[in-house]
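Below is one structure, written out as structure tokens; comments come after it.
The values are calculated or read from the model by the stated rules, or taken from the named source; none is laboratory data. The structure displayed is predicted, hence computed values, not measured ones. Backbone-built Cβ (ideal geometry, glycine too); neighbour counts: all protein chains shown.
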Amino acid sequence: MKFTTAIFDMDGVVIDSEILFDKADSIFFANHNASYNKEEVKHMLAGMDFNHAVGVIKETFGFEGAIEDLRVERSSLLEALYLSELQYIDGFNDFHAKLKARGIKTCIATACNPAHLELVNKKLGLYGEFDNFIYKIADVGYKSKPDPAIFLYAAEKMGSTPAECFVLEDAPKGIRAAKNADMFCIGLTTSFPGALLTEADIIVDGYADIDVDELS
């Protein structure tokens with residue numbers, strides 16, 4: 001397998017944000033006297049744009065209040081956690097450095113909204129890490145995964161064909177989006193168990209399990 005381009009999802013793949021979403025949503029749901037089930041909410045919202053996700057939460061769980069007020073509340077909870085606790089996923093930096101040393105182009109394709117992306121950049125210097133090659137769901141008209149639009153857009157911007165790309169994903173919908181884009185996909189069990197990532201071409205528990213020599 002020889003690829004020229006690596007496309008990373010962000011949450012749960014590059015940054016260790018899933019635990020922070022969990023903390024924020026636990027508080028968010030408690031504020032609205034709703035029962036929070038981590039697995040149910042994670043499955044429902046994975047790969048979804050933040051603003052759309054708030055509307056889904058309101059409709060599904062019967063939250064009272066305007067969607068914009070709910071969005072601001074949830075966003076503020078997450079912002080505080082991002083600025084105090086956010087880190088890169090264990091092993092990512094070494095893996096990314098190995099890819100770049102082998103001349104593989106790298107980018108991010110994320111459903112993260114621009115405001116949260118700026119928080120990530122402020123905390124971790126994400127844009128510098130990826131030489132500004134970061135593509136957002138807003139770039140493709142907010143078409144959420146499993147729609148392949150964000151991955152196809154990223155490949156085009158990187159000057160690569162789908163066959164030249166491999167995707168790193170942690171969620172079933174993201175993996176399906178990668179396969180819908182006809183791209184090779186590595187599934188990371190950082191957010192979901194391997195049994196739910198079976199559409200991936202390879203499933204690994206962490207970056208140390210990926211053989212860079214077989215990709216480059």
Which residue is surrounded by the most Cβ atoms within 10 Å (Cβ to Cβ), if the candidates are limited to the range 137-166 and must be among the aromatic types (Phe, Trp, Tyr) and outside any helix (DSSP H, G or I)? Phe166
Is it the case that the range 123-133 has a residue that's of a type in the set (Phe, Trp, Tyr), farther than 21 Å from Asp90 by Cβ, more than 13 Å from the chain's Cα centre (by Cα) and not in a strand (DSSP E or B)? yes
Identify the residue in the range 179-197 that is in contact (Cβ under 8 Å) with a residue 60 or more places away in the chain and not β-branched (Val, Ile, Thr) and, among all such residues, is surrounded by the fewest Cβ atoms within 10 Å (Cβ to Cβ). Phe184
Those residues that are in contact with a Phe, Trp or Tyr (Cβ under 7 Å, 6 or more places away or on another chain) and outside any loop (DSSP other than H, G, I, E, B), I need them from the range 186-201; list them, please. Ile186
Is it the case, given these coordinates, that Ala34 is surrounded by fewer than 18 Cβ atoms within 10 Å (Cβ to Cβ) and at negative phi? yes
Taking the range 12-61, which residues are touching a Gly at 6+ places or on another chain (Cβ under 9 Å), over 21 Å from Asp147 (Cβ atoms) and modelled with pLDDT of 90 or more? His32, Ala34, Lys58
Condition check: surrounded by fewer than 20 Cβ atoms within 10 Å (Cβ to Cβ) and within 17 Å of the chain's Cα centre (by Cα). Does Lys58 satisfy that? no
